[in-house]
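Since the structure comes first, as structure tokens, the remarks are kept for the end.
The values are calculated or read from the model by the stated rules, or taken from the named source; none is laboratory data. These numbers were taken from a predicted model, which means no experiment stands behind them. Reconstructed Cβ throughout: ideal geometry from the backbone, glycine too, with neighbour counts over all protein chains shown. Ligands, DNA and RNA are stripped out before the accessible areas are found, and what is left, the full protein with its side chains, is counted by its heavy atoms. Shrake-Rupley method; radii C 1.70, N 1.55, O 1.52, S 1.80 Å.
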Amino acid sequence: MRLMFVGPPGAGKGTQAVRIAARYGIPHISTGDMLREEIKNGTPLGQQAKAYIEAGELVPDDVIIGMVKERISRPDARDGFLLDGFPRTREQAEALDKFTSLDVVININVPDDKLIHRICGRRVCRQCGATYHESMLENLKQCPKCGGELYVRDDDKEEIVRQRIAVYKEKTQPLIEYYTKKGLLEDVVGSGGIDDITEAIVAVLENRK
Ligand code: AMP
């Protein structure tokens, strides 16, 4: 199954993507995670991406397209994958169409006022990458799963988050129409319990099989 999740920052794409990818045994391909890894490793690509990410802007299309093309060509993605955070522009979507095809696009809808609250309270584990909202945590510094250090992403500060949401509306939201026209889009309500949202996504996927 070749899936893609679309939705504004804070919609819960990452959280749901981890669960759905595990359920269907397909790799979770998050361009945001890949870029953060490149930055952590100090690679040339990471150095190029850093300033864009910290400003809440998109990394240039050619950089991202090359990175995803290489990732999708690996053997573990042969029978399917879940794209999280890619494509984010029409250029990226058209490039993707040239090297693979998607079976379903899940659009996770969350009202704007909830997005800021969700992202600004987000904590990420440096070790295992798990994400939490601070309201779920007893200890804001330590990952309850692996004991790793929790941190706040530099681009999760409120003014950057507002910029990321504006960029989403301008550049990524038009993809909803793009995939609707192709008959691939499925809407899922992204507010509510994490388990309920996972089940809603599974229901949509099972229906399309
Ligand atoms: P995310 O973890 O998906 O919220 O991505 C974090 C940041 O990485 C974004 O705000 C962008 O700066 C960059 N990024 C991730 N995916 C893409 C993409 N497909 N195109 C351009 N920039 C991206």
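Taken across region 194-205, residues that are at positive phi and either in a loop (DSSP other than H, G, I, E, B) or without any contact (Cβ under 8 Å) to a residue 40 or more places away in the chain (or both) do not occur at all. Taking every residue in region 88-105 that is under 16 Å from Val6 (Cα atoms) and pairing it with any residue that is within 13 Å of the ligand (Cβ to nearest atom) and basic (Lys, Arg), at least 6 positions away or on another chain, the pairs with Cβ-Cβ distances below 9 Å are Arg88/Lys171; Thr89/Lys171; Arg90/Lys171; Leu96/Lys69.
How many residues are assigned to a helix (DSSP H, G or I) and either touching a His at 6+ places or on another chain (Cβ under 8 Å) or crowded, with 20+ Cβ neighbours inside 10 Å (or both) when one looks only at region 113-125? Quick ask: steps written out before the conclusion?
Taking region 113-125 as the starting set, the residues that turn out to be assigned to a helix (DSSP H, G or I) are 113-120.
Now narrow it down to the ones that are either touching a His at 6+ places or on another chain (Cβ under 8 Å) or crowded, with 20+ Cβ neighbours inside 10 Å (or both): 115, 118-119.
Final tally of qualifying residues: 3.
Look at region 154-176: where a residue is in contact (Cβ under 8 Å) with a residue 12 or more places away in the chain and within 25 Å of Lys40 (Cα to Cα) and a partner is part of a helix (DSSP H, G or I) and basic (Lys, Arg), sitting 6+ places away or on another chain with Cβ atoms under 8 Å, you get Asp155/Arg164. The helices (runs of 4 or more DSSP H) falling completely within region 1-112 that include 2 or more residues that are away from the ligand (no atom under 15 Å from the Cβ) and of a type in the set (A, V, I, L, M) map to 13-24.
Within region 92-105, is there a residue that is open to solvent by 80 Å² or more (accessible area, probe 1.4 Å), within 17 Å of the chain's Cα centre (by Cα) and not aliphatic (A, V, I, L, M)? Spell out how you get there, then give the answer.
First pass over region 92-105, keeping only residues open to solvent by 80 Å² or more (accessible area, probe 1.4 Å): 98.
Restricting the remaining residues to those that are within 17 Å of the chain's Cα centre (by Cα) gives none.
Checked against the condition, which is being open to solvent by 80 Å² or more (accessible area, probe 1.4 Å), within 17 Å of the chain's Cα centre (by Cα) and not aliphatic (A, V, I, L, M), region 92-105 yields no hits at all.
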